[in-house]
Amino acid sequence: MKYIFIVLGVLVLWGIYIFNRFISFRNRVGEAWSDIEVQLKRRYDLIPNLVNTVKGYATHESSVFENVTKARNMAMGASGPTPAHAEAENMLTGALKSIFALAEAYPDLKANTNFLELQRELSDTENKILSARRFYNTNVRDFNTSVESFPSNMVALIFKFSKKEFFDLAEGDAAEKPIEVKF
């Protein structure tokens, strides 16, 4: 009888340990997603300034500006680490590339200090998004491994912990406090 209580006690302690581990993983995933959102907001804030800078040089290239604005709005409207959000962010990255391709046609723009600073900030933010995405996906991997591994999967099933989605992007950028640039 004494051994039954010891075995039950060990099982209860093991269950508490696994449950707390899931909570820790879930909180790390939430923190990592928050880091991604901060960097994406930086990107969204930087884009209008970049567009305004380029507009000052290339006023007849309105379709490029419309595409960037449309892609930015779609990305801002998407929520959570879903495939749709990742696709919207990839579209925004592609639209931003068209702005930099357009800049190649305007040598004065390429030498403009505001444009160069915005381009540097955008590149820096892309690197931060990449890093935040890696951190998020690492935490999701650890969480999902625990959800699927035996015997912790039994605790996950009991307490309804389910797998999280990875957040896959091609690339990304942004800026924290936007610098207003108008021509």
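The values are calculated or read from the model by the stated rules, or taken from the named source; none is laboratory data. Keep in mind that what you see is a predicted model, and the values were worked out from it rather than measured. Heads up, the Cβs are rebuilt from the backbone with ideal geometry, glycines too, and the neighbour counts pull from every protein chain shown.
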Problem set entry | Residue pairs meeting the criteria (Cβ under 6 Å; at least 6 apart or on separate chains; first in contact (Cβ under 8 Å) with a residue 40 or more places away in the chain and within 22 Å of Ala132 (Cβ to Cβ), in the range 54-82; second in a loop (DSSP other than H, G, I, E, B) and among the acidic types (Asp, Glu)) | Pro81/Glu165
For this session: Please enumerate the residues belonging to the range 77-97 that are surrounded by 15 or more Cβ atoms within 10 Å (Cβ to Cβ) and closer than 18 Å to Glu121 by Cβ.
Result: Glu89, Leu92, Thr93, Ala95, Leu96
Seminar exercise, completed: Scanning the range 116-150 residue by residue, those of a type in the set (A, V, I, L, M, F, W, C) and either more than 18 Å from Val51 (Cα to Cα) or surrounded by fewer than 21 Cβ atoms within 10 Å (Cβ to Cβ) (or both) turn out to be Leu116, Ile129, Leu130, Ala132, Phe135, Val140, Phe143, Val147, Phe150
Seminar exercise, completed: Subset of the range 33-59, residues loosely packed, with under 14 Cβ neighbours inside 10 Å and closer than 18 Å to Lys97 by Cα, comes to Thr59
For this session: State whether the residues of the range 56-66 include one that is within 28 Å of Asn139 (Cβ to Cβ) and either of a type in the set (A, V, I, L, M, F, W, C) or not in a loop (DSSP other than H, G, I, E, B) (or both).
Result: no
For this session: Kindly list the number of the only condition in (1) crowded, with 16+ Cβ neighbours inside 10 Å; (2) in a helix (DSSP H, G or I); (3) over 16 Å from the mean Cα position of the chain (by Cα) that fails for Arg72.
Result: (3)
For this session: Scan the range 150-165 and report the pairs whose first residue is touching a residue at least 40 places away in the same chain (Cβ under 8 Å) and whose second residue is of a type outside the set (Gly, Ala, Ser) and part of a loop (DSSP other than H, G, I, E, B), with Cβ atoms within less than 7 Å and a gap of 6+ or a chain change.
Result: Glu165/Pro81; Glu165/Thr82
For this session: Among the residues of the range 101-115, write down those that are surrounded by fewer than 10 Cβ atoms within 10 Å (Cβ to Cβ) and in a loop (DSSP other than H, G, I, E, B).
Result: Glu104
Exercise. Which residue out of Gly15, Gly9, Gly30 is in contact (Cβ under 8 Å) with a residue 12 or more places away in the chain and either part of a helix (DSSP H, G or I) or farther than 22 Å from Ile99 by Cα (or both)?
Worked result: Gly15
For this session: Could you tell me which numbered condition Glu104 fails, if it satisfies all but one of (1) touching a Lys or Arg at 6+ places or on another chain (Cβ under 8 Å); (2) modelled with pLDDT of 90 or more?
Result: (2)
